[in-house]
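What follows is a short report on a single structure.
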Amino acid sequence: MAIRFYLILVVFLLSAIVSFSLYEDQVGLMDWHQRYIGKVKHAVFHTQKTGRKRVIVSTEENVVASLDLRHGEIFWRHVLGTNDAIDGVDIALGKYVITLSSEGSLLRAWNLPDGQMVWETSLHSAQHSKSLLSVPINLKVDKDYPILVFGGGYLHAVSPIDGEVLWKKDFTAEGFEVQRVLQPLESSIIYVLGFLHSSEAVVYQIDSKSGDVVAEKSMAFPGGFSGEISSVSNDKVVVLDSTRSILVAISFVDGGISFQKTHISDLVEDSGKAEILSPLLSNMLAVKVNKRTIFVRVGGEGKLELVDSLSDETAMSDSLPVADDQVAFASVHHEGSKIHLMVKLVDDLDTVLLRESIQMDQHRGRVHKVFINNYIKTDRSNGFRALIVMEDHSLLLLQQGAIVWSREEGLASVTDVTTAELPVEKDGVSVAQVEHTLVDWLKGHVLKLKGSLLLASPEDVVAIQEMRMKSSGRSKLTRDHNGFRKLFIALTRAGKLFALHTGDGSIVWSVLLNSPACARPSGISLYQWQVPHHHAMDENPSVLVVGRCGSDSSAPGVLSFVDVYTGKEISSSDIGHSVVQVMPLPFTDSTEQRLHLIADTNGHVHLYPKTSEALSIFQREFQNVYWYNVEADNGIIRGQGMKSTCSDETADEYCFTTRELWTVVFPSESEKIISTLTRKPNEVVHTQAKVSTDQDVLYKYVSRNLLFVATVSPKGAGEIGSVTPEESALVVYLIDTITGRILHRLSHQGCQGPVHAVFSENWVVYHYFNLRAHKYEVTVVEIYDQSRAENKNVWKLVLGKHNLTAPISSYSRPEMFTKSQSYFFPQSVKTIAVTSTAKGITSKQLLIGTIGDQILALDKRFVDPRRTLNPSQAEKEEGIIPLTDSLPIIPQSYITHALKVEGLRGIVTAPAKLESTTHVFAYGVDLFYTRLAPSKTYDSLTDDFSYALLLITIVALVAAIYITWVLSEKKELSEKWR
Amino acid sequence: MDKGKAVMGTGRRWAVDFSDQSTVPSSRDILDPPGFSRASPEQKAWEVAQSPFKNLMMMGFMMWMAGNTVHLFSIGITFSALWQPLSALQSVGKIFEPFKDNKVELLMPKLVFLALNLGGLALGIWKLNTLGLLPTHASDWVSSLPPPQEVEHSGGGFAFH
């Protein structure tokens, strides 16, 4: 009976589903979370009242946030959806933050102190148009002025109190484009100015109470308008004509519309095409012409005169009313490592209210945006604070000649991530500062012991927690034994490279990319360039950043090499050809620089590094290097092989041409490529065999040259639910990228994308929507090699007479079979990743980024095609879970526990040196890092292992042995004397 | 003492031979004392020779109890089942030492003893096999083989936007 019980217990233990939850006091020990908002588009200060001073910002990551002006912390923040771009933000009634988003169709009000949504109004929208938000500056609170919103062809007046639409006016007439909605202060008339067919200015006067059109005036302008407009006062706007060489002042208040033309060439000599800049300055406008910014004052009769001119690297703020009916604006420009902030009066540009020079400690590029705010100093003069947005997207608050705080908002738009090692600890590096003395060490362990024996007082508990949080030099800048300390190198959209420490998430270094060819190349992707481990140990590792000058795909590429230890750009070169694809080759040269192939738009590939050694390595493998292109628009996948060196005169010996070997054409009327995926090139696979319960061997088909392709019917490429199940089908393929052979095809009728997939070892797991069941589904496909299955003779295997480890070629026709299984999955998914470990022995977990911006760790055992409804005893012992129709979501297995990675876009995993452990880094608007052990830390003691207890036990045992020995000696002696 | 006399002739006066010659039955012909039975040590030797059989039965029962799953209990039993016969085989000579007599036939008991212990060993190995700890399957030899190298390398995908 006892044996039976024991057996049952063992079986239960083996088949129990291990959940990897944390205890409350373990939060923050291995993980960190950083909150960002993104590059600021608009900022509105709220500093009038006593109490907390704050600034409301909206950003390019569709975030509306309230920041503390003192420290730059986030009071509250809301991340709107990816398609919900914010067009305008303002404060109404002194207590609501009003945001207009989704091209003027969604108006929301948030409570200013705590950020709770007060109301949301969805506005009718008929066409794409400019969206304009005009919140009246409410000096008298009792007067209820409506919020005016123009968007989607309609003008809406919305009550700021409850969001009710008071009236709406249709402006969807053909060819009519509304440019400005103006409401003079204390007036009940709203002016709506628009252009009809870009050649006729039309002004509607609308009663703000009822929305009725009071008057309508129009006047044709023969030259035509270019669309750029700047309103300089309540009754005047200035536009550019279609040739962009004439400024036209339109005044429209009384009587009718009048035009006043001024040639820019009259204002400045040698003028090219002009551009009106966005800042709103009263009675003045800023025009960018000929790489200069000129200020043009608009006189009473629409007369324009030039008042000042600055270099075009100057950023300007909107105008701000200061005391005595004066209006000021700020301009910021760069000079070396300093930035100069000037605040001037608009009416009198010679009066400089503030002139400050601020030393920037790191390179942040040019100033992109300035927002200013004034405050009254104790001596009753005006003080100014300026919020500036830099080229690297960082946000800085300047006040009294210093940077009060800064936020690295570039990290909200990470585009690519790779990992790097920290330097090895050298003798010279002082370790003693970080490591404790023996007394401290013992004290700490005694505290821990107290904690584990439940003897600790509340103060002790706090001390223990504090000790654990900053334990054992988590943020030391040297390599550790277990490989827990690493760097994550992140490339941001602004072209800045950050190195983040895995210990605490601190920025170890950051570098803004430069290029000799253009001022600021945009970064595309990131590769490991040099990872010295065996040879060349004295070299520092480096990463390769591939970028290009300009947004066009034919723009010339730029390669930057950045030293990982120091964060210095080793070199940056303009490579003289475009960059379409990059392929890291599995070969390194004698200094462990990895060979890379870069394809350009002409169909040529270029080898890097450009050394003769790399060339000779490449020539050896020339016939074995292949290339494939996925043309999603045409539904074609093309495979290419290397042909010869380029014959162009300009080309060098490192340039090669390709020849087309195969094409896979998907029928355009029924299939459209929506997703492709390959295995990660650096993934380590421990074994090629999979052993089943009855000791049978299945050989995994492990190949790096497999491409997973998902296609849907063109009708079903839209949003979920836009088609009927009969019209939509999802087809997935596994294609060999060497031969173009389709190894497997699986069709899901009545299913639809988007497809999120993960490919690892010999399996693919993908997530899609099943229209028939109205549920999301997850399918797993495992690929096995049939041709190796004959290797079953034990004696041959013992003697090594098999060809299982001989190199294989894709041209030896593989016989393969697949096993697959589908499950329902209760959640929508943003991204899927898989854990990776150093040797690939540890079992794997899927990391699923859910729609709620959390990350769920799901054991690979749940997506195993061998699951059956009633697994046998042996299968249960092996850990096969009984088949269920849907995958479980265990709340404890959210690795993000209570946190959210807002705007989650990607998850990156990297192995630690310890086989059981893997690093997980998730990025979106927020950043999150944690360490995971998918099969628990079987190869190391946990952090809270009490060494003191072990030590004390050993000491006690030794003492006990000694005492008993002495006693027994005594007894023996007395026995002998008896 | 005729041997002694022969020696004296070569110059020695006398000698006493203390060597026990009881194991050489032909040299002496002394009768066993009355009441002494020769059969008794032989019977005891047989008893010793058969003792592993009991052990064997016991082991078999324990193994049946332990079941076929790998855990501490079954591993312990299996290893003791392997160790006992091995140690017994090593010390065959010592075990039969007390019954060493020129009049006792020990070969058969020894052989039986050996056979029974080998049977115990076989039982242990069989148990090891049922536990799946013997590398008798192909899977035991290929599970640590890394995947083969690939000759060709490919790369590419979507063009950068």
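The values are calculated or read from the model by the stated rules, or taken from the named source; none is laboratory data. Keep in mind that what you see is a predicted model, and the values were worked out from it rather than measured. Cβ placement follows ideal geometry from the backbone for every residue including glycine, while neighbour counts extend to all protein chains displayed. All accessible areas refer to the heavy atoms of the entire protein, side chains included, with ligands and DNA or RNA removed. Shrake-Rupley method; radii C 1.70, N 1.55, O 1.52, S 1.80 Å.
Per residue, how much accessible area does the protein assembly as shown show when a 1.4 Å probe rolls over the protein heavy atoms, in square angstrom?
That works out to 49 Å² per residue.
If you take the beta carbon distance between A:Asp694 and A:Ser809 as r and set R0 to 25 Å, what does 1/(1 + (r/R0)^6) give as a FRET efficiency, to the nearest 0.05? Kindly include the intermediate steps, with their values, before the conclusion.
Details: r = 32 Å, r/R0 = 1.28.
Result of the calculation: an efficiency of 0.20.
I'd like the Kirkwood hydrodynamic radius of the protein assembly as shown, using the inverse of the mean 1/r over distinct C-alpha pairs, in Å. Before the final figure, lay out each step's value.
On the way: mean 1/r = 0.0272 Å⁻¹.
It works out to 36.8 Å.
Show log10 I(q)/I(0) for segment A:383-425 at q = 0.30, 0.32 Å⁻¹, two decimals, from a solvent-free Debye sum over equal Cα scatterers.
Listed by q, the Debye log ratios stand at -1.02, -1.09.
Can you give the average number of partner chain beta-carbon atoms within 10 Å of each beta-carbon in peptide A:594-605, as a whole number? List each step's numbers first, then the result.
Values: counts 0, 0, 1, 3, 0, 4, 0, 1, 0, 0, 0, 2.
Average neighbour count from other chains, rounded to a whole number: 1.
Given the pairs A:Lys700/A:Lys860; A:Lys830/A:Lys900; A:Lys690/A:Lys792; A:Lys273/A:Lys369; A:Lys819/A:Lys860, which span a C-alpha to C-alpha distance of over 21 angstrom in this model? Let's see the in-between values first.
Details: A:Lys700/A:Lys860 16 Å; A:Lys830/A:Lys900 13 Å; A:Lys690/A:Lys792 13 Å; A:Lys273/A:Lys369 23 Å; A:Lys819/A:Lys860 15 Å.
Distance filter (> 21 Å) returns A:Lys273/A:Lys369.
Beta carbons within 10 angstrom, averaged per residue: use that to sort the peptides A:554-562, A:786-794, highest first.
Numbers: A:554-562: 21.3, A:786-794: 15.0.
Result, highest mean Cβ count within 10 Å first: A:554-562, A:786-794.
Which shape class applies to segment A:581-691: rounded if a/c is under 1.5, otherwise prolate when a/b exceeds b/c and oblate if not, where a ≥ b ≥ c are the square roots of the Cα gyration tensor eigenvalues? Mind showing how you got there, number by number?
Values: a/c = 2.45, a/b = 1.20, b/c = 2.04.
Oblate, because a/c is 1.5 or more while a/b does not exceed b/c.
Along the Cα-to-C-beta direction of A:Ile841, a point sits 7 Å from the Cα; which residues of segment A:687-713 have their amide N less than 14 Å from that point?
A:687
Listed highest first by mean packing, meaning other Cβ atoms within 10 Å per residue, what order do B:60-67, A:377-384, A:625-632 come in?
Numbers: B:60-67: 15.4, A:377-384: 11.8, A:625-632: 21.4.
Descending packing order for the listed peptides: A:625-632, B:60-67, A:377-384.
Sort A:697-704, A:352-359 for me by packing, meaning the mean count of neighbouring Cβ atoms within 10 Å per residue, highest on top. List each step's numbers first, then the result.
Details: A:697-704: 21.9, A:352-359: 14.8.
Listed from highest to lowest mean packing, they are A:697-704, A:352-359.
Can you give the helix-only mean residue ellipticity at 222 nm for chain A, where every DSSP H stretch with n ≥ 4 adds -39500 (n - 2.57) and the sum goes over all residues, rounded to the nearest 500 deg cm²/dmol?
Working: 8 runs with 96 residues, N = 978.
-3000 deg cm²/dmol, from helical runs alone.
Taking only Cα atoms, what is the 0 to 90° angle, nearest 10, from helix A:438-452's long axis to the longest principal axis of chain A?
90 degrees
Are there any residues in segment A:687-720 with a reduction of at least 40 Å² in accessible surface when going from the isolated chain to the assembly of protein chains? Probe 1.4 Å, please list them by number.
Buried on complex formation: A:Gln688, A:Gln695, A:Asn705.
Counting only protein heavy atoms and rolling a 1.4 Å probe, how much accessible area do A and B lose on contact, total for both sides, in Å² to 100?
Numbers: alone 46540 and 12890 Å², together 55660 Å².
Interface area, both chains combined: 3800 Å², rounded to the nearest 100.
Nearest 20 debye, what's the magnitude of the dipole of chain A about its Cα centre given +1 on Lys and Arg Cβ and -1 on Asp and Glu Cβ? If you can, show how the numbers build up before the last one.
Details: 95 positive and 112 negative charges, 565 e Å.
In debye, rounded to 20, chain A gives about 2720.
With each pseudo-label sitting 7 Å past Cα toward Cβ, what's the A:Ile952-B:Lys44 distance in nm, one decimal?
Inter-label distance under the simple model: 5.6 nm.
Can you pull the mean other chain C-beta count within 10 Å for peptide A:169-177? Don't skip to the end; give the middle numbers.
Details: counts 0, 0, 0, 0, 0, 0, 0, 0, 0.
Across A:169-177, the average partner-chain Cβ count within 10 Å equals 0.
Taking the Cα centroid of segment B:95-161 and of segment A:601-633, what is the distance between the two, rounded to the nearest whole Å?
Here the two parts' Cα centres lie 50 Å apart.
Among rounded, prolate and oblate, which fits segment A:268-373 when a ≥ b ≥ c are the square roots of the eigenvalues of its C-alpha gyration tensor, a/c under 1.5 means rounded, and a/b larger than b/c means prolate? Can you show the working numbers first?
Values: a/c = 2.24, a/b = 1.24, b/c = 1.80.
Here segment A:268-373 falls in the oblate category.
Round to a whole number: what % of the accessible area of segment A:782-858 belongs to carbon and sulfur, probe 1.4 Å?
Working: 1840 of 3470 Å².
The value for segment A:782-858 is 53 percent carbon and sulfur by accessible area.
Compute the Cα gyration tensor for segment A:673-815, then decide on rounded, prolate or oblate, letting a ≥ b ≥ c be the square roots of its eigenvalues: rounded whenever a/c is under 1.5, prolate when a/b is larger than b/c in the other cases, and oblate in all that remain.
Numbers: a/c = 2.90, a/b = 2.27, b/c = 1.28.
Here segment A:673-815 falls in the prolate category.
For peptide B:64-72, how many partner chain Cβ atoms fall within 10 Å of a residue's Cβ, on average? Before the final figure, lay out the partial values.
Values: counts 1, 2, 3, 5, 4, 8, 2, 6, 2.
For this peptide, the per-residue mean of nearby foreign Cβ atoms is 4.
Sorted from largest down, what three extents in whole angstroms do the Cα atoms of segment A:898-978 have along their principal axes?
Taking the Cα atoms of segment A:898-978, the three principal extents are 87, 24, 15 Å.
Can you give me the orientation-averaged projected area of the convex hull built on the Cα atoms of segment B:74-161, in nm²?
Details: hull surface 47.5 nm².
Across all orientations, segment B:74-161 yields a mean hull projection of 11.9 nm².
Taking 0.36 nm per intervening residue step and subtracting the Cα-Cα distance, what contour gain separates A:Thr650 from A:Ser198 on full extension? Walk me through the numbers on the way to the answer.
Details: separation 452, 0.36 × 452 = 162.72 nm, distance 4.69 nm.
This chain segment gains 158.0 nm when fully extended.
Please give the helix A:947-977 orientation as an angle from the longest Cα principal axis of chain A, in degrees from 0 to 90, rounded to the nearest 10.
With rounding to tens, the tilt is 30 degrees.
Could you pull out the pairs from A:Lys217/A:Lys261; A:Lys39/A:Lys486; A:Lys53/A:Lys95; A:Lys95/A:Lys236; A:Lys775/A:Lys844; A:Lys168/A:Lys209 whose alpha carbons sit more than 21 Å apart here? Spell out each step's value before the answer.
On the way: A:Lys217/A:Lys261 19 Å; A:Lys39/A:Lys486 27 Å; A:Lys53/A:Lys95 13 Å; A:Lys95/A:Lys236 31 Å; A:Lys775/A:Lys844 25 Å; A:Lys168/A:Lys209 11 Å.
Beyond 21 Å: A:Lys39/A:Lys486; A:Lys95/A:Lys236; A:Lys775/A:Lys844.
For chain A, which cysteines have no second Cys with its Cβ under 4.7 Å from theirs?
A:Cys751
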